[in-house]
Amino acid sequence: MRKNIVAGNWKMNKTLQEGIELASEVKNMLTQTPECEVVLGVPFIHLAAIAALVKDSPIKVSAENCADEEQGAYTGEVSAAMVRSTGAEYVILGHSERRAYYHETCEILKKKTLLALKNNLKPIFCIGEVKQEREAGKQNEVVKEQLEGSLFNLLPEQFSNIVLAYEPVWAIGTGLTATPEQAQEMHAYIRSLIAAKYGQEIADNTSILYGGSCNAQNAASLFANPDVDGGLIGGAALKATDFKAIIDAR
């Protein structure tokens, strides 16, 4: 059976000291083992400290990105091997902000994915359409191209280590949210593409998270859908009480 996952994406927020405080709050709130896997996606400089802090808890740690090269003269970059050495187990790849602001292409993300898998990291791989694409009815086409361009080169055993996050980009930080029906429709479509490529068993075992302005108020209705396996949470992950409410909704 596939995992239910609630993953926070802190983005470029929280100093190291503030991040340790937030991670401690979340850890202390999880007095019982949650019904889902809890992942904190944190800035690079936080990784080692927070991985050590949550080591004996139900919480896993994720980087928000990694380099598309293995090592070498790439000033300022952080490799997948470096990420793994901190104790992190996940890495967020293909986030809409990376695609839009840093021009990450499907080919770049294909390289990052292979390096992450090589270093025993589980990619949380983001896919999704922008507002103009949704309005033009091209959302299925966009998502299919993103999957084919970066992930469908993987062997079945490699793909089995991928977690997907569907991001309706038009709903991130805009106050808009896909309706539960829109989320379910797209998640079911994504699962059908995986089934066509890798077979129904792998499709049924692939966790697909919702990643568009999910919060404590709408999480339960989104998570009630059969093909929505949790969330990739942005702003609501920056406050422990809000994040805990989303964890409880799963």
Completion exercise
Filtering the chain for DSSP H helices with an axial alpha carbon extent of at least 15 Å and a Kyte-Doolittle mean of at least -0.5 returns 16-29, 106-118, 180-198
Exercise for the section: Note down the relative contact order for the stretch 1-157 as a percent, whole number, built from C-alpha pairs under 8 angstrom at least six residues apart. Expected result: 18
Handout entry: For the chain, calculated [θ]222 nm from helices alone, where every DSSP H run of n ≥ 4 adds -39500 (n - 2.57)
Key = -12000 deg cm²/dmol
Completion exercise
Everything considered on the Cα gyration tensor (a ≥ b ≥ c; rounded for a/c under 1.5, else prolate if a/b is larger than b/c, else oblate), the chain must be described as rounded
Problem - Hits among aspartates and glutamates - C-alpha to C-alpha of K55 under 12 Å, sequence gap 8 or more where chains match - result: E89
Problem - Local electrostatic count at L238 - Lys and Arg +1, Asp and Glu -1, tallied over other residues with Cβ under 12 Å - result: -1
Practice task
Report the relative contact order of the stretch 11-79, percent, no decimals, based on alpha-carbon pairs under 8 angstrom and at least 6 residues apart.
Solution key: 32
Handout entry: Relative contact order of the stretch 147-220, pairs being alpha-carbon contacts under 8 Å that are 6 or more residues apart, as %
Key = 44
Handout entry: Cβ-based charge dipole, the chain, positive-most Cα from Q182, S150, M29
Key = M29
Exercise for the section: Check cross-link reach from K110 to the lysines: straight Cα distance under 20 Å, and skip same-chain residues fewer than eight apart. Expected result: K118, K122, K144, K197
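Since every read-out is calculated from the coordinates, none of them should be taken as a lab result. Owing to the predicted nature of the structure, the values given are computational and were not obtained by experimental measurement. Every residue, glycine as well, gets a Cβ built from its backbone with ideal geometry; the counts of neighbours run over all protein chains shown.
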